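Data first, discussion second: the structure below is written as structure tokens.
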Amino acid sequence: MAGGNEIVVRFAGEGGQGVVTAAEMLARAATGVGYHALTFATFPSQILGGPTWTQARVSRFPVHSPGDSVDILIAFNDYAYQEHRSDVRAGGVILLDPAVTPDPSDTNHRCITVPFDQLAKQTGEARAANMVVMGGLSRLIDMPIEFFKDFVAARFSGRAGVVEANHMALDLGLAHLADEEPIANLTAPDRPDYDQLFIKGNDAISIGAIHAGIETYI
Amino acid sequence: MVYLERNLVGEGKVAIQASSEIESITGILGAGFAGKKTMTATSGPGFTLMAEGIGLGWMAEIPLVVVDVQRGGPATGLPTKTEQSDLLTAISPAHGDSRMPVIAPGTVEECFYASVMAFNWAERYQGPVMLLSEHSLAERAQNIPRPDLSKVPVENRDVYTGNNGYLRYEAKGISPMPVPGKPGAYVANGSEHDVFGDTTHLPKYHVHMTERRFGKLELLEDGDYEAENTKAKIAVMPWGGSKGSVFEAYEALKAEGVDLGWYYTMFVSPLPAKMLEELKCKDLVVVPELNYQGQMAMVLRSLGVKAEAITLYTGLPFGAKELAGRIKQLLAEKGERTGAAKA
């Protein structure tokens with residue numbers, strides 16, 4: 001099992017599959033309960049399609065970079081699996097879409113097939129595949145599912161149906177990986193004793209501009 | 001842009017989506033001339049399109065902020081990949097004799113402070129300031145301590161309050177800026193001008209105005225910087241969004257016993273004067289940066305610093321472990337014994 005201080009998770013797939021928001025979702029949920037997190041995103045210039053990947057590094061301590069060694073890869077298609085599996089550390093976990101056949105010679109990694117889309121459809125919210133992933137992750141990194149459920153409740157506040165579907169997706173993902181050994185058990189975080197924001201660089205520039213007294217943006 | 005559209009509201013405030021970069025830069029030139037605090041943001045070729053307007057801002061001495069979120073180039077290049085390859089362009093985007101102040105934040109938290117300081121610099125020296133971000137930093141989401149706004153001072157330009165007949169460009173250094181419609185009318189001129197702003201080609205005015213414009217940059221040399229293990233003969237100095245990866249590489253090397261100094265500032269042009277003097281005393285300053293030419297190392301060498309770049313131009317950021325190895329390799333090539341070599 002990896003050390004208890006941090007975990008690096010990479011999501012790889014195609015533009016439009018929710019890959020970009022997945023890392024942010026994990027990081028936001030983790031920081032909400034006191035972990036430190038930082039994301040990295042790289043995507044093609046097409047609005048839809050094209051290889052896309054994002055990464056979230058979650059730690060008990062402040063982090064400064066996206067992290068070198070991937071503990072868990074979520075590969076939404078075969079290209080993503082082939083392209084990124086060499087970045088997964090020995091002993092790391094790869095979650096695969098059923099359409100992807102893992103290389104039988106790959107004995108370095110624990111490959112687990114998860115029917116993301118099929119499980120999502122069971123919730124009545126086909127776009128909840130991300131939440132199926134998060135549910136599975138909560139098992140793999142031994143993070144209480146309530147962290148994610150609280151995040152969902154806050155994110156979709158006032159939309160009870162959406163919250164219910166996403167909670168169900170989290171439970172389905174967790175149940176699907178219930179028999180898997182966690183790859184890490186992140187020690188409970190020491191919640192920072194100061195007020196925090198979870199924002200992107202662009203937004204931080206905008207907030208700074210408003211504080212500085214900007215009057216005209218063109 | 002989306003954030004400002006939602007939040008830049010209230011009387012006298014406006015966020016507009018212009019139809020072109022030229023429209024954006026000329027729009028904020030007008031707003032800056034009219035006394036407003038103003039900003040635009042762009043990336044890649046859009047920044048190049050703004051070059052002429054930025055030059056006008058330097059010439060006519062109009063405060064404004066241009067955000068350039070760097071991505072791979074040139075031309076359309078790698079529009080959604082990260083790179084640090086606009087440094088030279090940001091320092092000198094316009095033709096002719098000019099040098100723009102450049103602030104390049106290295107973390108999400110610094111993006112906030114860099115933005116405030118970009119406005120402060122623009123107001124203080126009365127001219128354009130380049131805020132140099134990059135794709136990986138723009139898209140990076142991170143938890144940061146909530147900024148204590150009471151500890152972030154905001155500067156405002158020195159406004160002219162006298163009578164008409166004011167010679168706006170007479171002083172050697174900074175001079176109060178009139179507000180259009182109020183006493184002190186002058187010509188904000190893109191051509192070389194006399195002390196009132198009227199066009200002239202006389203050598204004495206071009207000398208006076210050129211020295212005036214460059215002289216104002218001295219007002220910006222007091223930026224903060226980080227320094228650690230300053231006695232080491234060799235230092236590492238990242239800039240911009242590579243800061244985090246380089247810091248982790250530095251920490252790893254320090255743990256191995258490598259005697260390496262650390263220098264960092266987001267005020268990349270002009271550099272803090274005291275920091276520059278310290279860098280000049282080093283046998284070697286290693287600059288990891290995401291471009292082919294080693295642009296910051298080039299700038300440092302032009303300032304008298306013995307600098308050498310470690311470059312990466314894949315469209316992706318540095319990995320800390322790999323970078324630590326490359327720094328050790330460079331030190332070994334330079335004949336420096338590292339902690340690991342001693343072991």
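Taking the stretch A:46-94 as the search range and keeping residues that are open to solvent by less than 10 Å² (accessible area, probe 1.4 Å) and assigned to a helix (DSSP H, G or I), which one is nearest to the other protein chains (Cβ to nearest Cβ)? Going through the qualifying residues, I end up with A:Ala80.
Scanning the stretch B:62-86 for residues that are among the hydrophobic types (A, V, I, L, M, F, W, C) and more than 26 Å from A:Val63 (Cβ to Cβ) turns up B:Ile62, B:Leu64, B:Val65, B:Val66, B:Ala75.
Taking the stretch A:26-43 only, how many residues are open to solvent by less than 20 Å² (accessible area, probe 1.4 Å) and not in a strand (DSSP E or B)? Residues in the stretch A:26-43 being open to solvent by less than 20 Å² (accessible area, probe 1.4 Å) and not in a strand (DSSP E or B): 7 in total. Scanning the stretch B:143-174 for residues that are open to solvent by less than 70 Å² (accessible area, probe 1.4 Å), more than 30 Å from A:Ser59 (Cα to Cα) and touching a residue at least 24 places away in the same chain (Cβ under 8 Å) turns up B:Val154, B:Glu155, B:Arg157, B:Val159, B:Tyr160, B:Leu167, B:Arg168, B:Tyr169, B:Ala171, B:Gly173, B:Ile174.
When you scan the stretch A:185-202, do you find a residue that is part of a helix (DSSP H, G or I) and over 17 Å from the mean Cα position of the chain (by Cα), even just one? Yes, some residue in the stretch A:185-202 is part of a helix (DSSP H, G or I) and over 17 Å from the mean Cα position of the chain (by Cα).
All but one of (1) in the same structural domain as B:Leu284 (by TED's automatic domain parsing); (2) open to solvent by 30 Å² or more (accessible area, probe 1.4 Å); (3) touching a residue at least 12 places away in the same chain (Cβ under 8 Å) hold for B:Gly244; which doesn't? Going through (1) in the same structural domain as B:Leu284 (by TED's automatic domain parsing); (2) open to solvent by 30 Å² or more (accessible area, probe 1.4 Å); (3) touching a residue at least 12 places away in the same chain (Cβ under 8 Å) one by one, B:Gly244 breaks only (2). Checked against (1) more than 7 Å from chain B (Cβ to nearest Cβ); (2) closer than 24 Å to B:Arg146 by Cα; (3) open to solvent by 30 Å² or more (accessible area, probe 1.4 Å), A:Pro192 passes all but condition (3).
A:His167 meets all of the listed conditions (1) within 23 Å of A:Thr21 (Cα to Cα); (2) at pLDDT 95 or above; (3) within 14 Å of chain B (Cβ to nearest Cβ) but one, namely (3).
Scanning the stretch B:269-284 for residues that are within 21 Å of B:Asp86 (Cβ to Cβ) and buried (at least 21 other Cβ atoms within 10 Å of the Cβ) yields B:Ser269, B:Leu271. Among the residues making up the stretch B:61-79, those that are within 12 Å of chain A (Cβ to nearest Cβ) and without any contact (Cβ under 8 Å) to a residue 40 or more places away in the chain are B:Thr76, B:Gly77, B:Pro79.
Consider the stretch B:80-127 and keep the residues that are within 14 Å of chain A (Cβ to nearest Cβ) and among the aliphatic types (A, V, I, L, M). The one that is farthest from B:Glu211 (Cα to Cα) is B:Val108. Going residue by residue through the stretch B:2-19, is there one that turns out to be open to solvent by 30 Å² or more (accessible area, probe 1.4 Å) and under 23 Å from B:Leu87 (Cβ atoms)? No, every residue in the stretch B:2-19 fails to be open to solvent by 30 Å² or more (accessible area, probe 1.4 Å) and under 23 Å from B:Leu87 (Cβ atoms). The helices (runs of 4 or more DSSP H) found entirely in the stretch B:218-332 that carry 1 or more residues being under 16 Å from the mean Cα position of the chain (by Cα) and away from chain A (no Cβ under 14 Å) are B:273-280, B:295-302. Inside the stretch B:102-142, residues that are of a type in the set (Gly, Ala, Ser) and open to solvent by 20 Å² or more (accessible area, probe 1.4 Å) make up a count of 0. Which one of these does B:Ser150 not meet: (1) within 16 Å of the chain's Cα centre (by Cα); (2) more than 10 Å from chain A (Cβ to nearest Cβ)? Here B:Ser150 clears every test but (1).
The values are calculated or read from the model by the stated rules, or taken from the named source; none is laboratory data. Just so it is clear, the model here is predicted, and its values are computed rather than measured. Here the Cβ is made from the backbone with ideal geometry for all residues, glycine too, and neighbour counts use every protein chain on show. When the accessible area is computed, the model is the full protein with side chains, heavy atoms only, and any ligands, DNA or RNA have been set aside. Shrake-Rupley method; radii C 1.70, N 1.55, O 1.52, S 1.80 Å.
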